[in-house]
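Below is one structure, written out as structure tokens; comments come after it.
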Amino acid sequence: MPIINFGHAGNCNIHVNLLLNPDEPEQGKKAHHCLYEIFSLVLALNGTLTGEHGVGLEKRDFVDRELDAISLELMRNIKRQFDPNGILNPDKMLPLV
């Protein structure tokens, strides 16, 4: 699977983009496995899955491997406090409960 990396060398922020054909469902399964492997390596190297853009849709389902349940709940509570109607980036920040 082709992977393109780009980012910000100054702050060690690297963006990983998998190139796949959305019309081929098998590639989606491979992409999920590929992301699991990449994120496992990132965490093993003491890296983080988040960056200046937050978590996003792709990393949302993996971030609980980095952050514990208490931290995630605290973040959900902060989000509810400042966005009680859930209109700011709905479903993009944290794993769904």
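The figures follow:
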| item | result |
| --- | --- |
| The stretch 1-47: translational diffusion in µm²/s, Stokes-Einstein, Kirkwood Rh over Cα pairs, 20 °C, 1.002 mPa s | 182 |
| Taking Ile14, Ile4 and counting other C-beta atoms within 10 Å, the order from fewest to most | Ile4, Ile14 |
| Mean Cα-pair separation over length for the chain, i.e. relative contact order, pairs under 8 Å, 6 or more apart, % | 20 |
| Contour excess over end-to-end distance, with Cα ends at Asn77 and Lys92 and 0.36 nm allotted per residue | 3.9 nm |
| Fewest-first sequence of Cys34, Cys12 by Cβ atoms within 10 Å of each Cβ | Cys12, Cys34 |
| Anchor Lys79: lysines whose Cα lies under 26 Å away (excluding residues fewer than 8 positions away in-chain) | Lys59, Lys92 |
| Trypsin sites (Lys or Arg not before Pro) lying in DSSP loop within the chain, provided at most 16 other Cβ fall within 10 Å | Lys92 |
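A short reminder: the numbers here are calculations on the coordinates, not readings from a lab. Quantities reported herein were computed from a predicted structural model and do not represent experimental measurements. All Cβ positions, even for glycine, are placed from backbone atoms using ideal geometry, and neighbour counts span all protein chains on display.
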